[in-house]
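The values are calculated or read from the model by the stated rules, or taken from the named source; none is laboratory data. Fair warning: this is a prediction, and the values are worked out from it, not measured in the lab. Here the Cβ is made from the backbone with ideal geometry for all residues, glycine too, and neighbour counts use every protein chain on show. Note: accessible area is taken over every heavy atom of the protein model, side chains too, but ligands, DNA and RNA are not part of it. Shrake-Rupley method; radii C 1.70, N 1.55, O 1.52, S 1.80 Å.
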Amino acid sequence: MTSVDVAVDVGDIVKHRAVKRRSVVLGIGATAGVAAAGGFALSAQASGESGESGTKASGASGALAFDKDAYTELTTTITDAAGDEHEVKYHFYKAITYVTKPVDEKYQSLNVSVPVEIDGKAVDATSAPILLANSVGGYMPSSVAEATGVGGGEMTGGPGGGATGGASASAAPSASASASGSTGSGGVQSGGNAMVDAQGEMVNLGKLALVTGYVVVEPGARGRTLVDSDGTYYGTAPAAIVDLKAAVRYVRANKGRIPGNTDRIVSSGTSAGGALSALLGASGDSPLYDKYLKELGAADASDAVFASGDWCPITDLEHADMAYEWNWGANKLSSGSLVDRTVSKELSTAFAEYQASLKLKAKGFGTVTARNLDEYVVKTYLEPSATKYLAALSDSARATYLAANTFITWSGGRAAFSWADFLTHVGARKKDTPAFDAFDLSSGENNLFGTGTTKARHFTLYSLRHEGSASARLPGDLPGKLDLMNPMHFIEKRNPARSKHWWIRVGTKDSDTSLSVVGNLALSLENLGDDVDAFMYWDGSHGSNEDPADFMAWIAKVTGYKKRSAK
């Protein structure tokens, strides 16, 4: 299920009302008038200094008013999730700066794609859901400024962690480079649109949403590796989530101007992008971000999204080291060696206290603690996942798989196995310990919580005190920033403006973070009464997306959308 890249014939491009030009701040003192790719320029739709936020009133004016005529008409062929090709004609709105006082327009801009004709049949997308598809990976910067069509945003490196090292701070690869850089096991080393299906083919949600008839908004966002000419890091926490919220506000402020139903925005993302999608869903309209949004001149509108699609979210970072050792602590590294047993045991022990503090309850398990969490994950996710996988195989293929994986008991059409045997089946863990707050400050997450000219900082007391004084305390700004980057904080506070519909996915062989991170996120939301569709792909690696067609159908279901043709 692969989507074909947009191929534009100059003769097919119909240019509408000219877009105003303006220079682009690139973050290191350089400027550029026109983006190199495709001859497009960054739009001036958000130029000027007006429009400071501070209320949740809807409506955009002046600088942040969407220009519905400033599009290019493109025609492309897209392969849908079922493998069928379709010719799609759509309006492409290029690189709209979504705040009035951007720090870096290259990243603080978004693209909008609106279907107008599919296979020769006119499409009315006026009331269509809007997919807000971010392409963040590794909490690194993401830009759509040079995209020449839907699904073409830059996708940046994979999640960092521990001794494996963080993602490189070098220039982001192109979308095609990210795709070709997927691992042999089917995992991907980038976020956003870099997903793989069960056959190892790339999945691009933006393209799939467009061919389904939805409006697609692809926002860029600052990331942790951005540094200006003075050596100041200007994309560290909470820049990425603030930017994505500003993008949502821009869309919602332009209700009636921008095509699609601005009250039915569905966010999506993978890896760190999945964490940010979950954070968008959990933190809607939280006043904790207001000062940051005001500084950027974000629109005066709601930043709540209707639903959230989250693939392998790298989140709950302040507890992620503990969770990782609880989950993968017994597994060896790819080198064949075990991690530091003392550190692993201390972190795993600390996880028990955190898990108990969540006070999560599950039917048939009571309160889910560190003592029964493994059984909960096995019964709720792993065995159903293996069962679905095996049931879909032919009799001979199933027999072959079971012969090679004797830890699985197959009886009555269901799979059963122990947690310990599952861990053995997964094999090597991806990260050393600590997996996220590395002792040597080498992880991407250390960089995420850098500040000013300080590239990286410890963000957990465990790592801070391990490398320094036993009485050391975290810098005063860090607790607040950790909250701003963690959906669990807003779920715990029962944020009333959170999304009520959730699609959460992860592969069972994904050791980029603990499976408990996904399990706790889903169970926390279920405990609040939200609509949660959570599943783990059997033998899936990082970035797996094996049911994109189901996600497209789920969007229509939860938003109540019924496609209609143009009159």
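Just one of the listed residues (534, 522) is in contact with a strand residue (DSSP E or B) (Cβ under 6 Å, 6 or more places away or on another chain), within 30 Å of residue 332 (Cβ to Cβ), open to solvent by 20 Å² or more (accessible area, probe 1.4 Å) and modelled with pLDDT of 95 or more, namely 534. Within the stretch 458-465, does at least one residue satisfy the condition of being farther than 21 Å from residue 340 by Cβ and open to solvent by 10 Å² or more (accessible area, probe 1.4 Å)? No, the conditions are met nowhere in the stretch 458-465.
State whether one or more residues within the stretch 14-32 are within 28 Å of the chain's Cα centre (by Cα), modelled with pLDDT of 50 or more and open to solvent by less than 20 Å² (accessible area, probe 1.4 Å). Looking through the stretch 14-32, none of the residues is within 28 Å of the chain's Cα centre (by Cα), modelled with pLDDT of 50 or more and open to solvent by less than 20 Å² (accessible area, probe 1.4 Å).
Inspect all residues belonging to the stretch 400-421 and state whether any of them is within 30 Å of residue 237 (Cα to Cα) and out of contact with any Gly (no Cβ under 6 Å at 6 or more places or on another chain). Talk me through it step by step, then tell me what you get.
Of the residues in the stretch 400-421, the ones within 30 Å of residue 237 (Cα to Cα) are none.
Taking every residue of the stretch 400-421 in turn, none turns out to be within 30 Å of residue 237 (Cα to Cα) and out of contact with any Gly (no Cβ under 6 Å at 6 or more places or on another chain).
Residue count for the stretch 245-268 under the criterion of being farther than 16 Å from residue 561 by Cβ and either acidic (Asp, Glu) or surrounded by fewer than 23 Cβ atoms within 10 Å (Cβ to Cβ) (or both): the result is 3. Determine if the stretch 225-234 includes at least one residue that is open to solvent by 10 Å² or more (accessible area, probe 1.4 Å) and on the phi > 0 side of the Ramachandran plot. Yes; the residues of the stretch 225-234 include at least one that is open to solvent by 10 Å² or more (accessible area, probe 1.4 Å) and on the phi > 0 side of the Ramachandran plot. Here residue 92 does not qualify as in a loop (DSSP other than H, G, I, E, B) and of a type outside the set (D, E, K, R).
Considering the stretch 446-474, and only residues there that are in a loop (DSSP other than H, G, I, E, B) and in contact (Cβ under 8 Å) with a residue 24 or more places away in the chain, the residue that is farthest from residue 223 (Cα to Cα) turns out to be 460.
Apart from one condition, residue 544 fits all of (1) free of Cβ contacts under 8 Å to residues at least 40 places away in the same chain; (2) within 18 Å of the chain's Cα centre (by Cα); the exception is (1). If I filter the stretch 116-129 for residues that are crowded, with 24+ Cβ neighbours inside 10 Å, in contact (Cβ under 8 Å) with a residue 24 or more places away in the chain and in a strand (DSSP E or B), do I get at least one hit? No, the stretch 116-129 contains no residue that is crowded, with 24+ Cβ neighbours inside 10 Å, in contact (Cβ under 8 Å) with a residue 24 or more places away in the chain and in a strand (DSSP E or B). Take the conditions (1) under 15 Å from the mean Cα position of the chain (by Cα); (2) open to solvent by 10 Å² or more (accessible area, probe 1.4 Å); (3) farther than 20 Å from residue 142 by Cα; residue 282 misses just one of them, which is (2). Candidates in the stretch 334-392 are the residues that are in contact (Cβ under 8 Å) with a residue 24 or more places away in the chain and among the polar types (S, T, N, Q); of these, the one that is farthest from residue 430 (Cα to Cα) is 387.
Taken over the stretch 218-238, the residue count meeting the criterion of being over 13 Å from residue 105 (Cβ atoms), assigned to a loop (DSSP other than H, G, I, E, B) and of a type in the set (D, E, K, R) is 3. Taking the stretch 57-69 as the range and being part of a loop (DSSP other than H, G, I, E, B), modelled with pLDDT under 95 and open to solvent by less than 20 Å² (accessible area, probe 1.4 Å) as the test, only 60 passes.
Can you pull out the residues in the stretch 321-342 that are part of a helix (DSSP H, G or I), hydrophobic (A, V, I, L, M, F, W, C) and open to solvent by 10 Å² or more (accessible area, probe 1.4 Å)? Once the filter is applied, which keeps residues that are part of a helix (DSSP H, G or I), hydrophobic (A, V, I, L, M, F, W, C) and open to solvent by 10 Å² or more (accessible area, probe 1.4 Å), the stretch 321-342 yields 322, 326.
Just so you know, in the stretch 97-115 the residues that are in a loop (DSSP other than H, G, I, E, B), open to solvent by less than 10 Å² (accessible area, probe 1.4 Å) and hydroxyl-bearing (Ser, Thr, Tyr) include one that is nearest to residue 241 (Cα to Cα), and it is 98.
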